[in-house]
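The values are calculated or read from the model by the stated rules, or taken from the named source; none is laboratory data. Remember, it's a predicted structure, so these values are computed and weren't measured experimentally. When we count neighbours, we look across all protein chains shown, and the Cβ atoms used for this are built from the backbone with ideal geometry, even at glycine.
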Amino acid sequence: MAPQREWFDTDYYKVLGVAESATDKDISRAYRKLAKQYHPDANPGSEDKFKEISAAYDVLDDPAKRKEYDEVRRMGPAGNPFAGPGGGGPGFTTNFKVDDLGDLLGGIFGRGNGRTRRAGTTASARKGADVEAALHLSFNDAVNGVTTTVNITTEVTCSTCGGMGSRPGTAPTVCSVCAGRGVVNDNQGMFSFSQPCATCGGTGLQVKDPCPTCHGKGTEVKARQVRVRIPAGVEDGQRIRVKGRGGLGVGGGPHGDLYVVIATDPDSRFGRQGTKNLTLTAPITFAEATLGTTITVPTLDRPVTLKVPAGTRSGQTLRVRGRGVPTTGGAGDLLVTVEVAVPTALGEEERKAIQALSAFSDGEALRDERWRSA
């Protein structure tokens, strides 16, 4: 893309609070933090700041845009084509063709006419299509994370012609309409606008003898496997972005992205609460709930002991810290909900024991006290 006026006026690194040497992860981390802080829903009145942050991330997150932006910044005011004479005051007028500005910037950024365009790119270069794939995970793989492969079908470089589009042993010829530039001019008086050449599709080349496999396209549709790393703690329905592993770019443009949609199996013992916490139900007897006890509960790796205080009510939740989902930000907790089991079949001795206990209990008084306090 051509440089925008804002590129010459705004330090996007400063906007995101990162150094010019920042990695892609540093930039993404800084953006997520600032976007959360200045999102208009969470911070009314911050719309302009949120737009500025988003504009900075849009440029610095794209390798091609970031490279061009860095080159613009290195040139300084002298390279600003939007400025007037002597540094860019208002009232600047001139008689130029839009194509001339394209050639000027093309010399800087490796675009423009056929001689200065980046190798492997065309006037119609664009990002490849994004691809979506479903991935079914077991409960353990979802909470612990896993590296696996997904199957996708996308366009890839033709294996017969290597992307040239012509039959092996032949070669494309320079387009007779655009002379290999990939663009044609539409003269509008003092201005001349460029647009992709319709004859060659912006490639600058014409295929006289098409490849029998791709029929001149230079690409073919194939099934392929992509290796992906799924982080610990993913949830059912979550979409994981794998940058640059989607469809083939058009005209030398960058690949699209792969989005992996997660589907997880339920577990017979554990449930999920949020991203990091696990839940578990533990049955206990009436005597254990009344007198208190120590029980052994399962976790993702090995069982642990849990103290149940005397007088614990059915439905009360006890926390086992650090025994939840092991994410990069630290493990969550295991939330154990105790459930007092009521026996449905009693032996004679058990019945007598409960009847003896009942003689010391006054259910009516208990209910009166509860409802009176309510």
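Laid out as a table, the results:
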{"item": "Single unsatisfied condition, Ser46 versus (1) modelled with pLDDT of 85 or more; (2) touching a His at 6+ places or on another chain (Cβ under 9 Å)", "result": "(1)"}
{"item": "Count of residues meeting criterion [in a loop (DSSP other than H, G, I, E, B) and at pLDDT below 90] in the range 190-212", "result": "12"}
{"item": "Selection status of Gly324, closer than 30 Å to Thr203 by Cα and outside any strand (DSSP E or B)", "result": "no"}
{"item": "Residue in the range 335-342 that is surrounded by 13 or more Cβ atoms within 10 Å (Cβ to Cβ), among the hydroxyl-bearing types (Ser, Thr, Tyr) and in the same structural domain as Thr299 (by TED's automatic domain parsing) present", "result": "yes"}
{"item": "Residues (farther than 30 Å from Asp265 by Cβ, in contact (Cβ under 8 Å) with a residue 12 or more places away in the chain and assigned to a strand (DSSP E or B)) located in the range 142-189", "result": "Glu155, Val156, Thr157, Ser166, Thr173, Val174, Val183, Val184, Asn185"}
{"item": "Options Leu357, Leu280: the member that is among the hydrophobic types (A, V, I, L, M, F, W, C), at pLDDT 90 or above and surrounded by 10 or more Cβ atoms within 10 Å (Cβ to Cβ)", "result": "Leu280"}
